[in-house]
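What follows is a single structure, written as structure tokens, with notes after it.
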Ligand code: GAF
């Protein structure tokens, strides 16, 4: 079987609740879930005030917790098999803590700095979101933990506020991300993609109801931590381009303006800007085409997006390019409308729009071609657009 099937959310919840009982000897009072996301198109546009078109995926992080008598937040990760003890009133020393603790501590710090009073609690985290795969495992952790804290500490907080605070938490963990991932995990709706205007924060639902169309995610299993520096470098280059163009953000720049600027522009900064300005336009066009059921046009825009990420933004890796080429070779006749890398880059996953009846065969053929050409193994799954964070 080429396609991997999801652990159902109910089974993941059972796992987390059982782990809670095993560790703490009582029932959790609060259980929440927050999903990962896949971005159909609109990459590295969020921090340029542009548009993104993500959807939540049927892969979740579940947090089972209860209030506690001590003065900290204690969390066990069933996925990683380790435990973090985090400071409520001040930051814990993270040197002795597992790697994921920096995101959890970021959540506590962001909430505290926003003026919320947090109660001590203890709990278990379990997840089916692949780690380091460009599917927002860190946003799922931040948003699920914040949703659990919201319930235990009885905070009055809107979903949008939660997404913005979760973004702050990620910044505190050393990753200067935009708003897309946390908005997706906190606010996406089942059955819909979310066209998010990252300048005004206005959201539009774009339904994906056609049963003949599926979203196929293929994990190259090439992992890369975006706290490594390349992401921050891309962001700085975009800011430099906006400054040189005399605009507040690349959202304000047009392709004509770029063409006039090209002869005097620093070449690398120019190419970064060309990706972003083109990608913002492609994203609104893709949302429109998707709403009209014009999947061939959506697919074409996905291929163009991938080429721009590969050649102008330089955030793909050879393994990811191979996955997209294998999809392209299958083509429309074989049931592939389009394919591109999704997420921050330097590894992770591709997202492809495919005909449902052909999905299994497409996944198998790409997986075999990938192993033959790279010697690596991919994992692949299909998902419908899932529901954002909620208390269960
Ligand atoms: C990462 C970031 F967290 C997002 O904000 C976004 O910039 C994305 O990379 C690229 O589109 O997932």
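The values are calculated or read from the model by the stated rules, or taken from the named source; none is laboratory data. None of these values were measured; they are calculated from a predicted model. Counting neighbours? That spans all protein chains shown, and the Cβs are built from the backbone with ideal geometry, glycine included.
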task: Check whether at least one residue in the range 89-112 is closer than 30 Å to residue 288 by Cα and crowded, with 24+ Cβ neighbours inside 10 Å, and report yes or no.
output: no
- prompt: Does the range 358-378 contain any residue that is part of a strand (DSSP E or B) and modelled with pLDDT of 95 or more?
  reply: no
field: Count of the range 122-138 residues which are within 16 Å of the ligand (Cβ to nearest atom) and touching a helix residue (DSSP H, G or I) at 6+ places or on another chain (Cβ under 8 Å)
entry: 5
Contacts under 6 angstrom Cβ, first residue in the range 287-301 being touching a residue at least 60 places away in the same chain (Cβ under 8 Å) and at negative phi, partner crowded, with 17+ Cβ neighbours inside 10 Å and in a loop (DSSP other than H, G, I, E, B), 6 or more apart: 287/53
field: Verdict on residue 316 being touching a helix residue (DSSP H, G or I) at 6+ places or on another chain (Cβ under 9 Å) and within 16 Å of the ligand (Cβ to nearest atom)
entry: yes
- prompt: Within the range 45-68, is even one residue away from the ligand (no atom under 16 Å from the Cβ), without any contact (Cβ under 8 Å) to a residue 60 or more places away in the chain, in a strand (DSSP E or B) and more than 30 Å from residue 302 (Cβ to Cβ)?
  reply: no
field: Among the residues listed as 196, 164, the single one being within 14 Å of the ligand (Cβ to nearest atom), touching a strand residue (DSSP E or B) at 6+ places or on another chain (Cβ under 9 Å) and farther than 16 Å from residue 137 by Cα
entry: 196
